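The next block holds one structure in the form of structure tokens; read it before the comments.
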Amino acid sequence: MNYQQIIEDIYEEVKPLLGKGKVADYIPALAKVDPNEFAITVADLEGNKYHVGNFEQKFSIQSISKVYTFAVAFSHLGDSIWQRVGREPSGNPFNSLVQLEKEDGIPRNPFINAGALVITDMLFDVLKEPRADILQFIIGLTGDSSIDFDKEVATSERENGYRNAALANFLRSHNNINYDIEEVLNLYFCHCSITMNTNELANSFLFLANGGVNPLNNERILSLSQTKRLNALMMTCGAYDEAGDFAFRVGMPGKSGVGGGIAAVIPGELAIAVWSPALNAKGNSLAGVQALELFTTKTGKSVF
């Protein structure tokens, strides 16, 4: 399979879409990003890498970080997680307050904002230094020690994160946040602000293509069963309230972020990361989703 030629062809096909969406300007620090940027990296389990576009440019991964925080919490707490968060698609915007109120403070899944705040709260139970430990976890998956938080983005989110603060307070009112709300919010905004490029992002998802084992050092991150369940959550809940259409079009478990990144996997084979900052109406990368659809179409590879 000539992945290099395939992703180069994809790049040419999606070029007309670049810049046609809208960057996430409700976070002021993200409003500065060039909407015409684009990159793809494919990393397979044999150690091969294929790139096109500006694959060395770091960007804010935003909600993709929720995969890492969930993986850490799941590895420590196992199925007890499901006492505090569900595993159903939301069908509503990722920051919905209405849904949380209707469901008595139990978020629909770990990848909407309310669910990710609950998972972030859990990290204080299982990590001595949650901020540093999450960063080290990601560095361990990529082998790249340059990965870091973006203080400007984290500050920008904190200063404008009124809805997330409302979600956290509502969760606390239902006894589903145990630690100090300000500490939980600060950790949440920090891990969402992490910057990576598509090469690092693809590398970091390889453990989900490899049965839960980090191919860099053969360390088991999750059990086979847990890996299956995390991939299932990404398939059903990873693209906000566009998850059904993403599964229909792309056919890979994946997680998107409003920074324009999407990471996805084909279990047993590869991980792929795409970045294009201009978003569609659902908050997913407009050109990125199209690129991933073209990838599974041209390669004939998907989970279906």
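Let's see if you can work this out: charge +1 on each Lys and Arg Cβ, -1 on each Asp and Glu Cβ, no other charges. What is the dipole magnitude of the stretch 3-299 about its Cα centre, in debye to the nearest 20? Please list the in-between numbers first.
Details: 24 positive and 35 negative charges, 93 e Å.
My answer is approximately 440 debye.
Along the Cα→Cβ direction, 7 angstrom out, place labels at VAL126 and ASP148. What is the inter-label distance in nm?
In this crude label model, VAL126 to ASP148 measures out at 2.8 nm.
Rounded, prolate or oblate, given the Cα gyration tensor of the stretch 115-171, with a/c below 1.5 counting as rounded? Working shown, then result.
Values: a/c = 2.95, a/b = 1.43, b/c = 2.07.
The shape class here is oblate.
With Rg and the Kirkwood Rh both taken from Cα atoms, where does Rg over Rh land for the chain?
On the way: Rg = 17.6 Å, Rh = 18.8 Å.
Ratio value, two decimals: 0.94.
Want the number for GLN136 to ALA281: 0.36 nm per residue separation, take away the alpha-carbon distance, what's left? Don't jump to the answer; show the numbers that get you there.
Values: separation 145, 0.36 × 145 = 52.20 nm, distance 3.36 nm.
Contour length minus Cα-Cα distance gives 48.8 nm.
Using only C-alpha atoms and all pairs of different ones, pull out the Kirkwood radius for the stretch 144-193 in Å with one decimal.
Numbers: mean 1/r = 0.0865 Å⁻¹.
About 11.6 Å, per the Kirkwood formula over Cα pairs.
Pulled fully out, how much extra length does the chain show between ASN186 and HIS76, if you take 0.36 nm times their separation in residues and subtract their Cα-Cα distance?
Values: separation 110, 0.36 × 110 = 39.60 nm, distance 2.17 nm.
Full extension of this stretch gives 37.4 nm more.
If you plug each phi of the stretch 51-64 into the Karplus form 6.51 cos²θ - 1.76 cosθ + 1.60 with θ = phi - 60°, what whole-Hz ³J(HN,Hα) values come out, in order, with x for Gly and Pro?
Ordered by residue, 3J(HN,Hα) equals 9, 8, x, 8, 6, 9, 7, 7, 9, 6, 7, 6, 5, 4 Hz.
Determine ³J(HN,Hα), in whole Hz, for all residues of the stretch 83-90 in sequence, where each value follows from phi through the Karplus function 6.51 cos²θ - 1.76 cosθ + 1.60 and θ = phi - 60°; x replaces Gly and Pro.
These are the phi-based 3J(HN,Hα) values: 6, 10, 8, x, 9, 10, x, 7 Hz.
Say the dipole of the stretch 5-163 comes from +1 at the beta carbon of Lys and Arg and -1 at that of Asp and Glu; which of ASN92, ILE147, PRO35 then lies farthest toward its positive end?
ASN92
If each residue of separation counts as 0.36 nm, what is the full-extension length gain between ASN36 and LEU216 once their alpha-carbon separation is subtracted?
Working: separation 180, 0.36 × 180 = 64.80 nm, distance 3.26 nm.
So the extension gain works out to 61.5 nm.
To the nearest 20 debye, what charge dipole does the stretch 1-111 have about its Cα centre, counting +1 at the Cβ of each Lys and Arg and -1 at the Cβ of each Asp and Glu? Please list the in-between numbers first.
Details: 11 positive and 15 negative charges, 81 e Å.
Dipole size: approximately 380 debye.
Readers should treat all values here as calculations from the given coordinates under stated rules, not as data from a laboratory. Since the model is a prediction, treat every value here as computed from it, not as a measurement. Heads up, the Cβs are rebuilt from the backbone with ideal geometry, glycines too, and the neighbour counts pull from every protein chain shown.
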